[in-house]
Every structure is written in C-alpha cells, then in structure tokens.
Amino acid sequence: MNILKISSKNLVRNRLTTILNIILVAFGVGILSVLFLASTQINNKLENNAKDIDLVVGAKGSPLQLILSSVYHIDNPTGNIPAKDAYQLMRNPMVKRAVPLALGDNYSGYRIVGTDSSFTNLYGLSIQKGSYWHKDLEVTLGSNVAVTSGLKIGDSFFGAHGLTGSGDIHKKYAYQVMGILKPQGNITDNLILTNIGSVYKMHEEKHTENHKHTAAEEAKEINDKQITALLIQYKSPMSVVVFPRMVNHSTNMQAASPAMESARLFSLIGVGIDTLKWFAIFIMGVAALSIFISLYNAMKERKYDLAIMRCLGASKPKLFFLVMFEGVLVTFMGTCLGLLIGHAALEVIGIYQETSQAKLTGLTAFPQEIYLIWIGLFIGALASLIPAMQIYKVDIAATLTKDR
Amino acid sequence: MIRVNSLAHVYDKGRRLKFPCWEIGDMEQWLLLGASGSGKSTLLNIISGLLKPSQGAVLINGTDLYNLPVRGLDRFRGRHIGIIFQRPHLIRSLDVLDNLELAAVMAGLPIDHERNRSLLADLGIGDLAKNYPDQLSQGQLQRVSVARALVNKPDLLIADEPTSSLDDENANQVIKMLTTQAKDNGAALIIATHDARVRDHLTKTYLL
C-alpha cells in the first residue's frame with residue numbers, strides 16, 4: 001500500500017476517463033515521435049549519402065533534380081553531358097577525385113550505374129562475396145539488391161531501359177553478377193554497379209536496332225560519348241567558391257552542391273513537418289485540458305476520500321503529491337504508449353514504402369526521445385496543479401459531517 | 001487521559017458555542033448527549049483535532065492538540081485518535097483490507113496484516129476482506145469503519161451518531177461492538193448521539 005497503489009486503484013476505478021486521457025496523450029506524443037524519427041532518419045540518410053561529395057556536375061536543368069538523381073538516385077537525370085568535357089574537368093587541379101556516372105537502366109527498380117573504380121573509393125565500398133566488375137557486362141550488386149532480387153554470383157539478368165519499370169528490356173546482352181557488396185547503410189546498398197562501357201554497349205545496340213531512321217544522329221552520339229554526371233571531391237575547401245562558378249560560366253554544364261540542395265529540399269519539406277508538429281502540440285494541449293477537467297471534476301467526489309485520508313493522519317503536502325502523481329502517472333503512461341505507437345507506425349510506413357532508397361524504420365531510438373517523456377510528465381504536472389491545490393482548501397470537518 | 005478546558009467556538013456566521021470542562025480517564029466510556037444543533041459535532045471535531053476552537057485547549061495524554069504544528073496534528077490524529085463518522089466514508093476504489101491498510105500508511109505506521117485480519121474477524125466481517133465498499137450493506141460498512149478506526153490502536157475512539165442510519169438490530173450490534181472493542185484495545189470511547197437505543201449501554205454522560 002503506497003501512493004502508487006492508491007493512485008492506480010483510483011485510475012482503474014475511473015477507467016474510461018483514464019483511457020481517454022491516456023489515448024489523447026499517446027496520440028500527441030505518437031505524432032511528435034513519428035515526425036522526430038522520420039525527419040532525423042531522412043536527415044541522416046541525406047547526409048550519409050552525400051557525405052564525401054562536394055559537388056555534382058551534370059547537364060543544365062534543376063540543380064535539385066541533378067542532386068536527387070545522381071546522389072540519392074531518386075529522380076530522373078537532367079540529361080547527359082559530353083564525356084570529353086567531363087574528363088577535362090576531372091583533370092582540373094582543384095579536383096581531388098572525380099567519379100563519372102552513366103545512368104539509364106534498371107533491374108526490377110534497382111538502378112544500374114555505370115562508373116569506374118573511383119566510385120568504390122568514394123563510398124568506401126568493400127566486397128562481401130565474389131569480386132568487383134572488371135569487364136563489360138559484369139556487375140557487382142549492392143547488398144540489398146542481392147537480398148531482395150535473390151541474384152547470386154554467376155547469375156545473369158537483363159536490364160530494362162529507364163530508371164523504373166521493366167517494359168523495355170535490353171534482351172541482346174545479359175549482365176553477369178560477379179560479386180556482392182557488404183551492407184554500407186547508404187544508397188549503394190540499392191545499386192547495381194558496372195562499368196561505363198556496359199551502359200554504352202546496351203544503348204548502342206538498342207538504338208541501331210530500333211531507331212534506324214535516326215542512324216546519323218545515333219552515330220554522332222556514339223562518337224562523342226556521353227555520361228550522366230560527375231561526382232567531385234575537392235582538394236581543398238577553398239574551391240567551394242571558385243569551382244562551381246567556373247563550371248557554370250565557362251562550360252555547358254551545371255554544378256550543384258549536395259549540401260546546399262538537400263538543405264533547400266529540407267526547408268521545403270519543413271513546412272509540412274511544422275504543420276504536423278503544431279497539430280501534435282494542439283493534441284497535447286487538448287490532452288492536458290482533458291486531464292485537467294477530469295481531475296477537477298473528480299475532486300468534487302474525491303473531496304471525501306481526501307478528507308478521510310487527512311483524518312487518518314495524511315498531511316496536506318502528501319495529498320497534494322497524491323493528486324499530482326495521478327495526473328503525472330496518466331501522462332507518463334500516455335507518453336510511453338505514444339512512443340510505442342510512433343515507432344510501430346514508422347515501422348509499418350517503412351514496410352509499405354515503395355522507394356527503397358529512403359526506407360524508414362521504427363526500430364531505432366534516439367536519446368532525444370527522453371525529452372518527449374519529460375514533456376509528457378511536465379504536461380501532466382501542469383494539468384494536475386490546480387486540482388491538487390484544492391487540497392489546501394478542503395475543510396475536513398465540514399466535508400465529513402455533511403451527508404454525501 | 002483527555003481534558004477539555006474552557007472551550008468555545010465562534011462560527012463565521014456569528015453563532016457562539018461554549019462547552020463545559022470535561023475530563024475523560026483512560027479507557028472510560030462516555031455518551032455525549034444533546035439536541036441536534038447543540039454543538040455535538042462541533043465538539044467532536046474539536047476533540048479530534050479537525051477544527052481549531054476559537055478559545056480553550058484540548059489535552060490528550062498531556063499533548064495540547066492545537067499547539068502542534070499542522071503536520072504534527074495530522075500525524076497525532078492518525079496515531080492516537082480513531083474516528084467513526086455518521087456515514088462510513090470508506091475509499092471506494094480500495095477493497096476492505098486496503099482501506100484498513102490505508103489507515104496505517106496515512107499515519108506513517110507499518111502495516112500489521114495479522115491485526116487487520118483479526119480485527120475484521122472480531123467484527124464478524126472476516127470473509128469480506130476482498131470486497132469493495134459498494135458491495136457491502138450499511139451495517140457491514142459501519143463495521144469496516146469501526147475496524148479502520150481501531151487499526152492504529154488509538155487512545156481515544158470517537159463515534160459521531162454511529163447508529164443513526166441503522167436498524168435496531170444493527171444499532172445494537174454496533175454499540176456492543178464499540179464498547180467491547182474499545183475495552184479490548186485499551187481505548188477511551190466517546191459516542192455522540194441523540195439515539196435513545198444507545199443510552200442503556202453506557203453510564204457516563206456529558207450533556208450539552
């Protein structure tokens with residue numbers, strides 16, 4: 001028999017009100033925790049994938065689209081750039097490392113990326129099984145691709161034209177799986193890596209077969225080869241100002257910074273997140289009000305209980321604490337339930353998510369979530385403060401001598 | 001030994017009550033008689049430390065109640081005075097046994113499970129220990145409140161109109177119970193009543 005037991009027994013007695021209040025708190029906290037988890041995870045993913053990339057050079061167009069397509073592999077590329085110009089940039093003294101990318105095909109939704117060995121250095125990749133690609137048409141799979149597609153070393157498959165969908169299959173050449181990468185926890189888990197030559201080969205063949213009437217144009221494209229984008233790492237941070245300007249002004253290509261563009265993207269999403277955040281705060285406010293009203297109303301009836309407890313020797317501060325404790329107990333349970341709901345909801349969202357590039361999970365926790373628990377406790381204390389103060393006003397003698 | 005000295009109380013509305021001096025020896029049993037409105041409840045509230053009188057003092061075994069700090073008075077009441085109200089006033093969210101334990105906890109005393117059980121058995125409600133107050137009859141509730149008043153082995157047992165809502169048989173039993181339990185537990189007893197059925201059971205009377 002202690003304060004906890006007295007409070008919980010009383011809460012159980014008024015279980016409908018208690019459940020309503022717990023649910024209100026849980027919803028508020030649940031929404032907040034989903035927002036918090038999702039935005040932290042997205043932020044981490046964005047940062048993680050663009051960690052070592054200072055600049056992306058690609059065809060003119062939307063800089064955000066360029067970043068999304070060549071760093072996060074979400075959107076379509078802005079177009080192609082002449083390989084000749086790209087290689088010239090790669091030799092620029094300000095560039096420490098430049099990784100060429102040739103996009104265009106996919107295998108059941110996973111992008112086939114033509115690149116060279118500098119890509120593995122940029123992302124710090126290592127092999128789990130087999131080896132890297134060496135010759136044309138050899139591929140190395142990201143760990144996630146291997147798991148979900150069921151492809152094994154030695155298997156071969158046909159790529160499909162475009163970045164999604166499998167309508168237009170390149171049946172002439174099959175890719176052969178040479179190796180599988182270790183899980184990296186970034187975008188490379190969802191990519192199929194090969195050399196640029198393979199991508200050229202696929203498209204040479206396709207074009208001569210299907211578009212004979214534009215043979216002259218195609219021949220031109222083959223002669224001065226093209227790539228999709230160039231991922232660049234600077235030698236020194238000084239280049240941040242000079243190099244993009246040089247690219248944008250003196251070449252027919254555009255340069256975009258992943259850091260700047262993802263910050264811009266995040267500020268766009270931010271409006272929606274803010275709205276939801278206020279909505280959650282509003283629900284928490286309603287929860288606080290509901291707890292306040294139910295405690296305050298219950299005080300009319302509990303006045304007798306509390307007077308009896310006074311009569312049995314309990315001091316005013318002890319009873320004040322008892323009432324406060326009840327409110328705090330409700331919000332504490334609500335907060336824990338809310339965190340549980342939040343994590344479960346995010347996990348479910350993650351399972352039904354179509355894009356594997358930015359998968360969310362509810363199975364991680366952040367130390368900052370402790371703050372949500374504190375906020376919950378604070379709201380509980382705030383809502384029960386005024387009802388608890390009634391303790392100091394109760395006249396025991398008058399209350400107990402009067403008939404109920 | 002309980003002593004009441006030149007007590008007077010003035011209510012906010014201006015009504016003034018004066019009480020003659022009163023000395024109650026250890027384990028003595030008294031009737032407090034008076035017409036309704038004569039101040040019986042007021043006097044009981046003052047003696048039990050629930051209502052500070054405008055004037056005068058209440059001494060229980062040498063402790064001047066209204067000289068104690070507020071917290072000290074609450075604690076003293078919990079440990080030394082058992083009060084039985086006209087209505088049983090049990091905590092409805094707790095079962096009978098928990099209601100008894102509450103009395104010990106609120107007074108800051110350790111819980112004596114054996115004593116609680118035997119108190120209930122003595123009062124003939126041993127098998128109701130796990131029932132909730134709203135499952136009990138008026139007579140049973142009144143017994144529980146007697147048991148609760150006795151939990152902390154008080155020096156003084158105060159009952160305010162304990163029989164007013166009971167039938168003859170139950171009233172008789174409650175009075176017998178109060179007198180024997182007070183004797184068995186070594187407590188002095190004050191019963192305030194205007195109920196004629198009670199008068200035959202006690203000899204000492206204090207008339208208002």
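One equal scatterer on each Cα of chain B, no solvent, Debye formula: the resulting log10 I(q)/I(0) at q = 0.09, 0.13, 0.18 Å⁻¹ is -0.33, -0.71, -1.33. For chain B, the share of DSSP beta bridges that are antiparallel, to the nearest 5, is 45%. For the pair A:HIS249 and A:LEU265, label points projected 7 Å from Cα toward Cβ lie 2.9 nm apart. Counting, for every residue in B:82-93, the Cβ atoms of other protein chains within 10 Å of its Cβ and taking the mean gives 5. Counting only alpha carbon atoms, the long axis of helix A:196-210 and the longest principal axis of chain A meet at about 70°.
For chain A, the 222 nm mean residue ellipticity estimated from helices alone, with every DSSP H stretch of n ≥ 4 adding -39500 (n - 2.57) and the total spread over all residues, rounds to -19000 deg cm²/dmol. Estimated at 0.36 nm per residue, the fully extended path between A:ASP274 and A:LEU385 surpasses their Cα-Cα distance by 37.0 nm. Note on the stretch A:1-77: with charges restricted to the Cβ of Lys and Arg (+1) and Asp and Glu (-1), its dipole about the Cα centre is near 760 debye. When +1 charges are put on Lys and Arg Cβ atoms and -1 charges on Asp and Glu Cβ atoms, the dipole computed for chain B relative to its Cα centre reaches about 720 debye.
For the stretch A:55-256, DSSP calls about 75 percent of its internal beta bridges antiparallel.
A dipole drawn for the protein assembly as shown from +1 and -1 charges on Cβ atoms has a positive end, and of B:HIS80, A:ILE386, A:THR361 the residue lying farthest that way is B:HIS80. Note on A:311-324: average number of Cβ atoms from other chains within 10 Å of each residue's Cβ is 6.
Over the stretch A:1-123, all Cα pairs binned in 5 Å intervals from 0 give whole-percent P(r) values of 2, 8, 12, 15, 13, 8, 6, 5, 4, 4, 5, 5, 5, 4, 2, 1, 0, listed from short to long. Sorting the segments B:82-91, B:21-30, B:176-185, A:317-326 by their residues' average number of neighbouring beta-carbon atoms within 10 angstrom, most packed first, yields B:82-91, A:317-326, B:176-185, B:21-30. Whole-percent P(r), the stretch A:310-391, all Cα pairs, 10 Å bins from 0: 17, 31, 23, 15, 9, 4, 1. In this structure, the residue pairs whose Cα-Cα separation is over 30 Å, taken from B:LYS40/B:LYS130; A:LYS45/A:LYS201; A:LYS393/B:LYS176; A:LYS5/B:LYS153; A:LYS51/A:LYS171, are B:LYS40/B:LYS130; A:LYS45/A:LYS201; A:LYS393/B:LYS176; A:LYS51/A:LYS171. Within the accessible surface of the stretch B:1-63, defined with a 1.4 Å probe on protein heavy atoms only, the carbon and sulfur portion equals 51 percent.
Take the Cα of B:THR63, step 7 Å toward its Cβ, do the same at A:LYS152, and the gap between the two points is 8.4 nm. For the residues of A:386-399, the average number of beta carbons from a partner chain within 10 Å of their own beta carbon is 2. Distance distribution P(r), the stretch A:86-144, all Cα-Cα pairs, bin width 10 angstrom from 0: 18, 48, 27, 7 percent. With respect to chain B, whose longest principal axis is taken over its alpha-carbon atoms, helix B:70-80 is tilted by about 60°. Computed extension length for A:TYR352-A:GLN88: 90.6 nm, one decimal, from 0.36 nm per residue of separation with the Cα-Cα distance subtracted. With all projection directions averaged, the alpha carbon convex hull of the stretch A:55-256 covers 11.3 nm².
Pairs of alpha carbons in the protein assembly as shown separated by more than 34 Å make up 61% of all such pairs.
Taking every DSSP beta bridge that has both residues in chain A, what percent is antiparallel when rounded to the nearest 5? Rounded to the nearest five, the antiparallel share is 75 percent. The equivalent ellipsoid of the stretch B:101-208 has semi-axes of 24, 17, 11 Å, largest first, where each one is the square root of 5 times an eigenvalue of the Cα gyration tensor.
Based on protein heavy atoms only, the stretch A:55-256 ends up with 45 Å² per residue of surface accessible to a 1.4 Å probe. Angle of helix A:258-311 to the longest C-alpha principal axis of chain A, folded into 0 to 90 degrees and rounded to 10: 10°.
Rg over Rh for the stretch A:256-346 works out to 1.28, both radii taken from alpha-carbon positions and Rh defined as the Kirkwood radius.
Farthest toward the positive end of the dipole of chain B, out of B:GLY14, B:ALA121, B:ILE91, is the Cα of B:GLY14, where the dipole comes from beta carbon charges about the Cα centre.
Would you work out the charge dipole size for the protein assembly as shown about its Cα centre, treating the Cβ of every Lys and Arg as +1 and the Cβ of every Asp and Glu as -1, and quote it to the nearest 20 debye?
1400 debye
The values are calculated or read from the model by the stated rules, or taken from the named source; none is laboratory data. Keep in mind the model is a prediction, meaning the values are calculated, not measured. We place every Cβ from the backbone using ideal geometry, glycine too, and count neighbours over all the protein chains shown. Keep in mind that these areas ignore ligands, DNA and RNA; they rest on the heavy atoms of the full protein, side chains included. Shrake-Rupley method; radii C 1.70, N 1.55, O 1.52, S 1.80 Å.
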